[in-house]
Amino acid sequence: MIEGRPGPARVAALFVGLAKGIGRLTRSELHTMNALPALVAERVPKPGVAPKWVIQGEIDEAGRLRRIYTILASRKLAAVR
């Protein structure tokens, strides 16, 4: 349960929980995409779950994570290798 935690801790708990349910990755690489650091990952195909996704982080002036972007749409990731 993540109630009562400050915003950053709640977001971290959400991503940890999601990561536990992903299953085995077949590939993961760090890249820079659209001038942001990005993790490109692929998993064993499973019905109803995106086989490839990108998680990008926007860093503020103090070096802290400001925003997290996730891209799951296969058509948007067609050119990502």
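The values are calculated or read from the model by the stated rules, or taken from the named source; none is laboratory data. This is a predicted model, so every value here is computed, not measured. Here the Cβ positions follow ideal geometry from the backbone for every residue, glycine too, while neighbour counts run over all protein chains shown.
Checking residue 77 against (1) part of a loop (DSSP other than H, G, I, E, B); (2) within 12 Å of the chain's Cα centre (by Cα), which single condition isn't satisfied?
The single condition residue 77 does not satisfy is (2).
Taking only pairs six or more apart or across chains, which ones have beta-carbon atoms under 8 Å, a first residue in the stretch 12-23 that is within 16 Å of residue 70 (Cα to Cα), and a second residue that is modelled with pLDDT under 80 and among the β-branched types (Val, Ile, Thr)?
What qualifies is 13/2; 14/2.
Looking at the stretch 6-38 only, could you name the residues that are of a type outside the set (Asp, Glu) and part of a strand (DSSP E or B)?
25, 26, 27, 28, 30, 31, 32, 33, 36, 37, 38
Looking at this structure, is residue 64 among the basic types (Lys, Arg), out of contact with any strand residue (DSSP E or B) (no Cβ under 9 Å at 6 or more places or on another chain) and under 19 Å from residue 14 (Cα atoms)?
It is true that residue 64 is among the basic types (Lys, Arg), out of contact with any strand residue (DSSP E or B) (no Cβ under 9 Å at 6 or more places or on another chain) and under 19 Å from residue 14 (Cα atoms).
For the stretch 55-69, enumerate the residues that are of a type outside the set (D, E, K, R) and surrounded by fewer than 11 Cβ atoms within 10 Å (Cβ to Cβ).
Across the stretch 55-69, the qualifying residues are 62, 63.
For residues in the stretch 24-54 being under 12 Å from the mean Cα position of the chain (by Cα) and either in contact (Cβ under 8 Å) with a residue 40 or more places away in the chain or over 22 Å from residue 75 (Cβ atoms) (or both), which is surrounded by the most Cβ atoms within 10 Å (Cβ to Cβ)?
Looking at the filtered set, the residue picked out is 40.
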